[in-house]
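Step one of this worksheet: look at the structure below.
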Amino acid sequence: MLFYLQKVTKPIRVRFSSVANAAGFCRDVSPVHFAALLKECRSVNAVHQVHQQLISSGLLSYPASLLEVSFPPLPSQPFLSPRSLGTGVVAAYLACGSTHDALSVLEHVVPSPAVWWNLLIREHIKEGHLDHAIAVSCRMLRAGTRPDHFTLPHILKACGGLPSYRCGITFHGLICCNGFESNVFICNALVAMYARCGSLEEASLVFEEIAQRGIDDVISWNSIVAAHVKHNSPRTALDMFSKMAMIVHEKATNDRSDIISIVNILPACASLKALPRTREIHGNAIRHGTFPDVFVGNALVDTYAKCGSMKDAVKVFSMMEIKDVVSWNAIVTGYSQSGNFEAAFETFKNMRNENISLDVVTWTAVIAGYAQRGCGQEALNVFRQMLFSGSEPNSVTIISVLSACASLGAHSQGMETHAYSLKNCLLSLDNHFGGTDDEEDLMVHNALIDMYSKCRIFKAARSIFDSIPRKERNIVTWTVMIGGYAQYGDSNDALELFSQMLSKPHAVAPNAFTVSCILMACAHLSALRVGKQIHAYVVRQHQYEASTYFVANCLIDMYSKCGDVDTARYVFDGMSQRNDISWTSMMAGYGMHGRGNEALEIFDKMQMAGFVPDDISFLVVLYACSHSRMIDRGLDYFDSMSRDYGVAASAEHYACVIDLLARSGQIDRAWNIVKDMPMEPTAVVWVALLSACRVHSNVELAEYALNKLVEMNAENDGSYTLISNIYANARRWKDVARIRNLMKNSGIKKRPGCSWVQGKKGTASFFVGDRSHSLSPQIYALLERLIDRIKSMGYVPETNFALHDVDEEEKNNLLAEHSEKLALAYGLLTTSPGCPIRITKNLRVCGDCHSAFTYISKIVDHEIIVRDSSRFHHFKNGVCSCGDYW
């Protein structure tokens, strides 16, 4: 320990013995000799021994003024030389990398110079121990050493790096108390610290004070511009950059400052896709001679690519005299983001051919390119090559790989990637989110939810979703889970989750993608009431105007599938701009409602608007013609596809034509088209033919179609149900029993018919013979009265749709218990007079129910709208919109 003692008037000499570097000397040694020993120490253990001898000799107990010695400069700090034995010991420990021992000694050096504290703080920051750096600064204050203008910028850098707003604002107070508020270096560090801590307002206030005092320099401006860029205020950043160009040009500057200024502002241009401004800054860089700098060149390549001008990006890249791996990464990423994957992959190959070191950014750009292109297998292959090369993936790589797994439905590879992320600490297990690393961690969690949802493993997806604390879930977290349920799972879960997202506390406002997903769920469920509520929300929130395509197209689809095609047309007509999906959605809406003329009218208007029909457009047109008894026009469009538009017919187009002909009774012509197809018929073609055989009771052809499906391993419960119904219609009950046994032995279960209807108190679902509802007595009583009444009007039950080998009376009873009839009775009991009753069935509507509904619509004051697995039926005043053509 060091103590102040009385002044000694004669030279100090002490006895020194038994030290590693001085063994055997056993003579009087002065402080100069200790200094020489410390200089020779090459390990912490050697410094410990000399330090112990200094303590035991009592030499450190004398005043520092009597122990002044001359040390050589530190190897890592050539400008810094110890001036006393105490600081010499500190320097020796630091030279050996023992910051802990150096701190222990420095705390007892009186006085302890700030320069040594600064060195300790810098060492901790260099090692990435930012919290230790702040702790050292606190111990410095307790030791009584006043921080200087070198100490505070380092401490503020540590506060910003953590980030710790609380520590930063505390040291801001210390700065003001110690009169450093006019020091431009410290004030610049304050601006940067507040920006990194997420407090743009405080950063701006500090900058304004700097400017008012007139002490601002180019670093001050660079700091505030970078702060605005970091906090997604690119327009403000560009305005500040313009002011900076006018104000700072007369102040002292250097090439390095100019380079930083340009590199700082270019991301703002990229964010706004401000191509003219980028070219202006590029020209400025050329005039001031900063363009040859590799950092400026890389930033320009990246910005031009993000502005959509790959031509300019490639020109800058080719003009760069010096290129590093970042340069190549920028051009590969630019190609990938612009959709020019071939050029990206070619550049990637060139890098490998020229032995350019590939880093994680290069690999990730190529993997992401393949994943975005839908080439999931290629993306996984590149990922394997990356691992074999020894390159370590980062969070962005993992997200791209998970995207590839999701596109392939490759849950095994997805689970392997999940395990790899946990094993290599790319994914945390504690679920504590908050910092920059935690943001990346949340992104990986979101990608995992998306992957498991698209692979239909909802238990795993929901488990990960629930493991994220509610306050930490962002809009992407909610959207991928809701979207997963809406597209691949239970749409009811999607609606429930959407409601939770909007509830407080920690409510999250949906974006255009969330709204699109929930509208999709409404469309699946025919949940018109919820769909209207979301439409009203969209109208109130003007933030969706920029995403009009996403939301408006989904609104058209939702209204069409909920039975309100006229409101879908209203939304369509209100769109200021339309894309090809808008036109196709509207045509499909009319098609499923059997309004073929309106669908073809939209098709003609689409071409007049300059859109060229593609294969999807023609598929929708053929579908509309098939459901509207427009046989000749449908065949004309089929023939004109390749002849007039150059669109090759696919198996799906042939399936539509087969359906078109079969509905009109031309089963032989449909069979001839199947035989003459230029490609091998796919499962969708045989299913279409099998359905046609049911309508026309062609048992032989139905058996042939089913055998083809079995050969292709494409049979399912629907196929077996169709052939079973065909046998039942032909009264071949042994074959019916055989098919049912075959399904049982194969583990194939028939989907039970289910119908649901919206009432005043929500949605009610019914299965055949269902008596679980609280209103079941009233439902069956009403059905009995309705059937008795329509029988008196001429209704005759079509018992051929009761596909069981029982007597006629039992068949009548079975028909009366069909799920759609139960849903209708419930709707009549709970729906206000004059309001439409909207029924949805998961299978095709029963022929007998169709006949019964036609009669019932004559005697009730409701339009009955039924959506089955094929199309819509609107029953009103004894007529169905399908014209009995379904």
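The values are calculated or read from the model by the stated rules, or taken from the named source; none is laboratory data. Quantities reported herein were computed from a predicted structural model and do not represent experimental measurements. Cβ coordinates were reconstructed from backbone atoms using ideal geometry, including for glycine residues, and neighbour counts include every protein chain displayed. Heavy atoms of the whole protein, side chains included, go into the accessibility calculation; ligands, DNA and RNA do not. Shrake-Rupley method; radii C 1.70, N 1.55, O 1.52, S 1.80 Å.
Of the candidates R529, R569, the single residue that is outside the structural domain of E863 (by the TED database), free of Cβ contacts under 8 Å to residues at least 60 places away in the same chain and of a type in the set (D, E, K, R) is R569.
Here is a yes/no grid of residues against (1) modelled with pLDDT of 90 or more; (2) closer than 27 Å to V565 by Cα:
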{"residue": "F618", "(1), (2)": "yes, yes"}
{"residue": "M630", "(1), (2)": "yes, yes"}
{"residue": "G646", "(1), (2)": "yes, no"}
{"residue": "A649", "(1), (2)": "yes, no"}
{"residue": "D659", "(1), (2)": "no, yes"}
{"residue": "A662", "(1), (2)": "no, yes"}
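Of the residues V699, V695, V687, the single one that is farther than 23 Å from R633 by Cβ, touching a residue at least 24 places away in the same chain (Cβ under 8 Å) and more than 41 Å from the chain's Cα centre (by Cα) is V699.
Q212 meets each of the listed conditions (1) at pLDDT 90 or above; (2) in contact with a helix residue (DSSP H, G or I) (Cβ under 9 Å, 6 or more places away or on another chain) apart from (2). Only residues that are of a type in the set (D, E, K, R) and at pLDDT below 75 were counted in region 712-759, giving 2.
Tally up the residues in region 562-589 that are assigned to a helix (DSSP H, G or I) and open to solvent by 10 Å² or more (accessible area, probe 1.4 Å), please. Spell out the reasoning first.
Step one: of region 562-589, the residues assigned to a helix (DSSP H, G or I) are 565-573, 580-589.
Adding the requirement that they be open to solvent by 10 Å² or more (accessible area, probe 1.4 Å) leaves 566-567, 569-571, 573, 580-581, 583-585, 588.
Here the count works out to 12.
Scanning region 608-620 for residues that are surrounded by 14 or more Cβ atoms within 10 Å (Cβ to Cβ) and out of contact with any Cys (no Cβ under 7 Å at 6 or more places or on another chain) gives F611, P613, D615, I616, S617, F618, V620. Out of all the residues in region 684-700, is one or more of a type in the set (K, R) and over 19 Å from G594 (Cα atoms)? The answer is yes, given that some residue of region 684-700 is of a type in the set (K, R) and over 19 Å from G594 (Cα atoms).
Would you call C177 more than 32 Å from the chain's Cα centre (by Cα) and within 24 Å of V229 (Cβ to Cβ)? Against the criterion (more than 32 Å from the chain's Cα centre (by Cα) and within 24 Å of V229 (Cβ to Cβ)), C177 does not qualify. Within the set F388, F383, the sole residue that is more than 19 Å from I331 (Cβ to Cβ), surrounded by 20 or more Cβ atoms within 10 Å (Cβ to Cβ) and assigned by the TED database to the domain that holds M443 turns out to be F383.
Take the conditions of a type in the set (F, W, Y), open to solvent by less than 60 Å² (accessible area, probe 1.4 Å) and over 23 Å from F291 (Cβ atoms) and apply them to W328. Does it pass?
Working: of a type in the set (F, W, Y): yes; open to solvent by less than 60 Å² (accessible area, probe 1.4 Å): yes; over 23 Å from F291 (Cβ atoms): no.
When the stated conditions are applied, W328 does not pass them.
Go over the candidates I219, I155 one by one and state the one that is among the hydrophobic types (A, V, I, L, M, F, W, C) and more than 27 Å from A268 (Cα to Cα). Explain how you work it out, then say what you get.
Details: I219 fails: more than 27 Å from A268 (Cα to Cα).
Just a single option satisfies the conditions, and that option is I155.
V551 falls short on exactly one of the conditions (1) at pLDDT 95 or above; (2) open to solvent by less than 10 Å² (accessible area, probe 1.4 Å), and that condition is (1). For region 299-403, the helices (runs of 4 or more DSSP H) that sit wholly inside it and include 2 or more residues that are more than 28 Å from A285 (Cα to Cα) are 341-353, 360-372, 376-388. Apart from one condition, S65 fits all of (1) modelled with pLDDT under 80; (2) touching a Leu at 6+ places or on another chain (Cβ under 6 Å); (3) not in a loop (DSSP other than H, G, I, E, B); the exception is (2). Hey, any hits in region 724-742 for a residue that's among the aromatic types (F, W, Y) and either touching a Ser or Thr at 6+ places or on another chain (Cβ under 8 Å) or under 22 Å from D848 (Cβ atoms) (or both)? Yes, there is a match, as at least one residue in region 724-742 is among the aromatic types (F, W, Y) and either touching a Ser or Thr at 6+ places or on another chain (Cβ under 8 Å) or under 22 Å from D848 (Cβ atoms) (or both).
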